[in-house]
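Here's the structure we're looking at; comments come further down.
We did not get these values from a lab; they are worked out from the coordinates using the rules stated. Note that the coordinates shown come from a computational prediction; the quantities given were computed from them, not determined experimentally. Reconstructed Cβ throughout: ideal geometry from the backbone, glycine too, with neighbour counts over all protein chains shown.
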Amino acid sequence: MTEKHIRVLVAKPGLDGHDRGAKVIARALRDAGMEVIYSGLRQTPEQIVSAAIQEDVDVVAMSLLSGAHNHLFPKVAQLLKENNAGDILIVGGGVIPDADIPFLKENGISEIFTPGTPTAKAIEFIKNNVKQ
Amino acid sequence: MELIKKARGGDQRSIARIISYAENETPEAAEVLQKLYAFTGMAHIVGITGPPGSGKSTLTDKLVKEYRKQGKTVAVLAVDPTSPYSGGAILGDRVRMSDLTLDPGVYIRSMGTRGRLGGLSKGTASAVKILDACGFNYIFIETVGVGQSEVDIVKNADTTIVVTVPGLGDDIQAIKAGILEIGDIFIVNKADRDGTDRLLMELKMMLDLNPDKAAWIPPILQTVATQNKGITELADTIIQHGDFLRQSGQLIRQRRERLETEIFDLIINRITQQIIRKQNEDGTFEQELQRVMDKEIDPYTLVDKMLKKIFK
């Protein structure tokens, strides 16, 4: 059997044009041996979920700097569950206040990586928590 | 098998799962591919290749929309290069096809080349069969534009489209011999740019010199994909090529040749895997390798030894 490649969808939900962070993560994940599908900007939760399903990803990594994370992140988690894809690991990053993290974790997001987090940490988390 | 039924019924998660099995060569893969094979053969498989930045993804996006208007279902396999160092890949073609993500008649899958050099990944051929068996009318394979001979695309597509753009420095350089021989349709994309006329002329001259393919003379079309120009004509030309292939018997000939190549590729793959597995079991390879380094034995003798172990 061929060695498994972790597939990650790096997604930018909502009306947020800041993609530098997403691209930094994408490159770091690639350098760690993962296959990274980049969704592009201004994706709706429905678009993200559809892409995640078609690409059969192991991880959905969302980047959001517009403040709408409390609405959009759980929405994506919910839609994934409704579409039989609840086993996909969901992580997020961007401009997310620490105070919001517990709420997000209760609503389907496994971990949030705020600005300044070493990419190695995110990579390790993904490798350790991806469903085998 | 439940998964197959769902996939053939249009459930995208099931289709996606099966493609993953095939790509990862899991134990389930063989059985699924065997069962699906009988349903293949109906799709028109279109390969799109060309240098990086020539607009393949944008062109594909527009073509898919055109065929959707005609009520056809379309699958797209977008292949991007895997880093030979890290084994990872950024699969970015999907970005250009965002609008299509929610269309239930469209399925887009990104694949990394995973070590293959001919422009496509090993899993692409399987993915094509799976999508064919699931009933898509068109399957587009969009491949890494390595710039020279995209050998793999010919092994997998009925119609091969070569995309070029003006202004890539020395235009002839961008159109090396290998590509010219495999194109059924040539596109000059971004045809609103300077250098278009020159490129058209160069393409025409090079195609005139090519004596083969007399029955189908590859047309050279101009498009400006971002402005949706030339797309309808291109879509029609693809259909015409499909008609030509069927009427001339060329389709059957091509598919037979491709099948033969595929069978031998599968054999080589299987044998290689068996050898690697045997070596891992024995655990003697490192020692043997050192013996070759020390010139105790030569590499050819070692290869004979290794092969004898599985071909007793």
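When +1 charges are put on Lys and Arg Cβ atoms and -1 charges on Asp and Glu Cβ atoms, the dipole computed for the range B:2-248 relative to its Cα centre reaches about 680 debye.
Its Cα centre serving as origin, the range A:7-118 has a Cβ charge dipole (Lys and Arg +1, Asp and Glu -1) of approximately 320 debye. I need the shape label for the protein assembly as shown. Rule: rounded when a/c is under 1.5, else prolate if a/b > b/c, else oblate, with a, b, c from the alpha carbon gyration tensor. Because a/c hits 1.5 or more and a/b fails to exceed b/c, the protein assembly as shown counts as oblate.
Expressed in units of 2.2 N^0.38 Å, where N is the residue count, the Cα radius of gyration of the range A:7-118 is 0.94. Counting only other chain Cβ atoms within 10 Å of each residue's Cβ, the peptide A:83-91 averages 1. Karplus-derived 3J(HN,Hα) values for the range B:21-34, using 6.51 cos²θ - 1.76 cosθ + 1.60 with θ = phi - 60°, are 4, 5, 5, 8, 6, 6, x, 5, 4, 4, 5, 5, 5, 4 Hz; glycine and proline are entered as x. Spin-label model, B:PHE285 to A:ARG27: label points 7 Å out along the Cα-to-beta-carbon direction sit 3.4 nm apart. Diffusion of the range B:261-310 by Stokes-Einstein, at 20 °C in a medium of 1.002 mPa s and with Rh set to the Kirkwood radius over alpha-carbon pairs, works out to 181 µm²/s. Note that the range B:53-70 has calculated 3J(HN,Hα) couplings of x, 7, x, 4, 5, 5, 4, 4, 4, 5, 5, 4, 4, 4, 5, 5, 4, 8 Hz, one per residue in order, obtained from phi through the Karplus relation 6.51 cos²θ - 1.76 cosθ + 1.60 (θ = phi - 60°); glycine and proline are x. Of B:ALA191, B:ALA157, B:ALA38, which is the most mobile in a GNM of chain B whose springs link Cα atoms less than 10 angstrom apart? Highest fluctuation of the listed residues: B:ALA38.
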